[in-house]
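Values in this text are rule-based calculations from the coordinates and carry no lab data. Predicted model only: the values in this text are computed from it and were never measured. Neighbour counts are summed over all protein chains in view; Cβ atoms, including those assigned to glycine, are modelled from backbone coordinates with ideal geometry.
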Amino acid sequence: MRTKLIQFVTFSNMNLLDFAGPFEVFQTANFYAKTQKPPYALQIVSFSGSALLCEAATLHTAEVDTKLTTPHTLVIPGGPGIYDFCKSPKFKADFVSHAQKAERLVSVCTGVFALAAADMLHGKNVTTHWLAYEELEQQYPHIILRKGPIFLNDEKIWTSAGVTSGIDLCLSIVEKDLGHSAALEIARHLVMFLKRPGDQNQFSSSLTLQMRSGEFSDLHAWVNSNLNNDLSIGMLAERMNMSERTLMRKYKASTGQTPNRMVETLRLESVRHLLVTSNRPLKEIAAATGMGGDANLIRRFTKAFGTTPNEYRARFTSSD
């Protein structure tokens, strides 16, 4: 297997984690690679030969010009400086032609604006940070913006949501290049809780619930830790030192849904997690998440996601 050159485009006022997260994924892949040659060669580039990270730190890089080696993969992070990057005279003079030669184009967060400004996303399915949805749609209506996924792949174009989702995207690239076990090894090294599939929403169900209501944050955390226990309205009310009627009224007013719906949502999210990260049979997963038997789990999971648990597992796990 030939070594793939991965170039990381940098600029002043970029989001450092957008750059550092993907860089660390590929660097770690080289460290753990069981190949004679490292799978990736890493190079950092910029328009001027340097990028101001903060007042106390400057990153020295190779310069983007007509002499720069063509990369296999070009990674563009996001951040407030992406707009000045796209307005630079060197953007059209050097960046566009350079990017067109790459076999794979990757954007993290608002880095997608560079690919859009270079007219490389016409008719492509892309995503970005949820705060940039409206701006991207207004400026580039010819792009197919997918709201929700943490990352997407459309032919040679890979785009991701904000910050840490760039790590998920690059783990998926490593999986494509080197195999499933290699990607999981890197995820373990980076102490990631889960190597997430791309169609996972930018907000987990737990995070969404926490955002909607601080009053019930402790209850949500307790439910997540006790999914296989009795989570009836009576038990939840007792946990909150409320009557059942008061709990139902206050919870619905605070979150817009019923406590029963919250429990079902968290159980289903846990099922999805276990399907992707373990080989446990459905019967064990059903017991661990309070779903009862495997037949009940299949029925409820299929109704919620439009696919069976086994189909979901086959889609998001693979063997080398």
| Gyration tensor (alpha-carbon) shape descriptor, segment 146-185, a/c threshold 1.5 | oblate
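Scan segment 213-257 for GluC sites (Glu not before Pro) in coil per DSSP, keeping those whose Cβ has at most 16 other Cβ atoms within 10 Å, and list them by number.
Numbers: sites: 215, 238, 244; in loops: 215.
Sparse-neighbourhood loop GluC sites (Glu not before Pro): 215.
Evaluate E = 1/(1 + (r/R0)^6) for residue 41 and residue 87, where r is the Cβ-Cβ distance and R0 equals 41 Å; express this FRET efficiency to the nearest 0.05.
On the way: r = 30 Å, r/R0 = 0.74.
FRET efficiency, residue 41 to residue 87: 0.85.
Any of 101/124; 37/176; 67/92; 67/176; 147/252 with alpha carbons more than 20 Å apart? Name them for me. Each step should come with its number before you reach the end.
Working: 101/124 18 Å; 37/176 18 Å; 67/92 15 Å; 67/176 30 Å; 147/252 26 Å.
Too far apart for the 20 Å limit: 67/176; 147/252.
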| request: For the chain, compute Rh as the Kirkwood radius over C-alpha pairs and then the Stokes-Einstein diffusion coefficient at 10 °C and 1.306 mPa s; write the answer in µm²/s, rounded to an integer. | output: 73
| Inter-probe distance in nm under a simple model that places probes 7 Å from Cα toward Cβ, at residue 56 and residue 96 | 4.0
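For a test of the definition: using alpha carbon positions, the gyration tensor, and the 1.5 limit on a/c, classify segment 18-105 as rounded, prolate or oblate.
Working: a/c = 2.12, a/b = 1.38, b/c = 1.53.
Cα axes put segment 18-105 in the oblate bin.
Looking at the chain only, what percent of DSSP beta bridges run antiparallel? Nearest 5 please. Working shown, then result.
On the way: 9 of 29 bridges.
Counting only bridges with both partners in the chain, antiparallel ones make up about 30 percent.
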| message | Out of the trypsin sites (Lys or Arg not before Pro) in segment 1-42, which ones are loop residues according to DSSP with at most 15 other C-beta atoms within 10 Å? | response | 2, 34
| said: Placing unit charges on C-beta atoms (Lys and Arg positive, Asp and Glu negative, everything else neutral), compute the dipole magnitude of segment 205-316 about its Cα centre in debye, rounded to 20. | reply: 340
| field | For segment 205-316, projected area of the alpha-carbon convex hull averaged over all directions, nm² | value | 6.8
| query | Nearest 10 degrees, 0 to 90: what angle lies between the long axis of helix 165-178 and the longest principal axis of the chain (Cα atoms)? | reply | 70
| message | Contact order normalised by length for the chain, with contacts defined as Cα pairs under 8 Å and 6 or more residues apart; what percent is it? | response | 13
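Quick check: net charge around residue 10, other residues with Cβ under 12 Å of its Cβ, Lys/Arg +1 and Asp/Glu -1? Working shown, then result.
Working: positive: none; negative: 18, 63.
Around residue 10, the charge tally is -2.
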| query | Exactly which GluC sites (Glu not before Pro) in segment 120-183 are in a DSSP loop and have at most 13 other Cβ atoms within 10 Å? | reply | 155
| remark: Mean Cβ-within-10 Å packing, highest first, puts peptides 15-24, 224-233 in the order 15-24, 224-233
| task | Kindly write out, for segment 85-102 in residue order, the coupling ³J(HN,Hα) from the Karplus curve 6.51 cos²θ - 1.76 cosθ + 1.60 (θ = phi - 60°), rounded to whole Hz, with x marking Gly and Pro. | result | 4, 6, 8, 4, x, 6, 4, 6, 6, 10, 5, 4, 5, 5, 5, 4, 7, 5
| request: On a C-alpha basis, how far is the centre of segment 80-98 from the centre of segment 260-292 in Å? Whole number, if you could? | output: 46
